[in-house]
Each structure stands twice: as structure tokens, then as C-alpha cells.
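Report on one structure; see the data block that follows.
Any read-out appearing in this document is the output of simple, stated calculations on the displayed coordinates, not a laboratory observation. These figures come from a predicted structure and were not determined experimentally. We place every Cβ from the backbone using ideal geometry, glycine too, and count neighbours over all the protein chains shown.
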């Protein structure tokens, strides 16, 4: 039987998350982590997750944006909400991954990737309370684009009713992080005389592209212009 995470209030999770059968690291354990700080760092560094869910008996992995609080992950989930209606207690798996570089060793066998990733397990709940839904959508919007919630028009009641928002506790999660050079620098292949190292991958925001339908004189707000050419 799969071990379940303890029933801990979401905003008072421990500094080290409990290990369960689903979060136990079976391979590359040296890269594994259950640190709450590592989870927060992975979530804060991105805004796109992949939601694994079973819909009508078929597994699906759906990309969607998310926003995180201290203990809850909010994400859009029209596909997953269908699954919740059919199987209210069905667990899901949400993953977030960041690629930091290619690890190019002297042999193809030793090649790898520097990365940071998180896997979160649990049973999501459909957010139906209007106040929580509004707060959750604000968190999602501000996580993706800080400052945009107060700048743009807020959702209407009709739009809120048409939006499916899911909430998932962060109590059951595991992380893996790989950094550094190849592992074959002190092995026999080091004598081959081949270059080895890391090809880093860096992401940054580009220049803003205005909507062609914009009226003259409407400039971009500072919370957007300040993000140009900056890492997420």
C-alpha cells in the first residue's frame, strides 16, 4: 500500500519533507533532496508545470502554468477537473523541470544534464470558494508576471465561473538536482585527450512585442519593461 504524506497544515510544512513510497529516491540518490528550500527554489524559478492525470482511463500529461504559496500549488486544470468529477480521490503527479546545461563527457555513456526538478504528489481539489479562487488566480498571475494583476482588468464573475482552478498541497514532494562537470575526469577516459565540460543553458526575457491593435501613446508598464533581458 502506498504511504501517504502526513496531514500537515499546508503553510507549516517542515524544513525537510517526509519521505514516502512515492517520493523515495531509488536512482541517483546523491542528486535527491526532500528539502523544503529546494522545493521552493525550483517552484520559484519557473511558471510552467506538467500535470500527470488519468482521464477516462487514459493517462495524460498536460502543460499548464502555476502559482505557489507557502504550502499550496494552484494551477489551471480543465482537463484534470473532469477526472476529479469521475474519481474525486484520484492522485496526480505534477512536475517542474529546469535545464541548466548539457554535461558533455569524454564518452557518450557518461553524458548527462545539469538540471533542477520537483515532483509533487497528491489529490488535488477543485477550488469553488469565490474568494479563494480569486486569491489563487492572483497568486498564479503574480507568480508568472509580478505586477500584472493590479495592472490588467480583474476577472468578472462570469469569467471566474468558467475557470477551473485546482489546488494541490505541497506536503508530498521530492526534488533532484544535478550540478557540476562530468564524472569521468579521474577515469581511464581522461587519457583520451578529448574536451569535456558543460554547455550551459541560459534563459532570459526578450524585448516586448506590442500588440498591433494598441492605440498610439500606450506604453508598456514598468513591471514589464523592467523584466526585459532579465532571467526569470
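Each residue in 115, 74, 121 was given a count of other beta-carbon atoms within 10 angstrom of its own, and listing them fewest first yields 115, 121, 74. As an equivalent ellipsoid, the stretch 146-203 spans semi-axes of 50, 18, 9 angstrom, where each value is the square root of five times an eigenvalue of the C-alpha gyration tensor, largest first. Find how much the distance from residue 222 to residue 108 grows on full extension, using 0.36 nm per residue of separation minus their present alpha carbon separation; answer in nm with one decimal. Result: 36.4 nm gained on full extension.
Between 13, 51, 104, the GNM of the chain built on Cα springs shorter than 10 angstrom shows 104 fluctuating the most. Considering only 48, 28, 170, the Gaussian network model of the chain with Cα springs below 10 Å gives its largest mean-square fluctuation to 28.
Fewest neighbouring Cβ atoms within 10 Å first, the residues 192, 165 line up as 192, 165. Rounded to the nearest 10 degrees, the angle from helix 130-144 to the longest Cα principal axis of the chain is 40 degrees. Of all the options 169, 40, 216, the one that moves most in a Gaussian network model of the chain with Cα springs shorter than 10 angstrom is 216. In this entry, the chain is assigned a mean projected area of 17.4 nm², taken as a quarter of its C-alpha convex hull surface.
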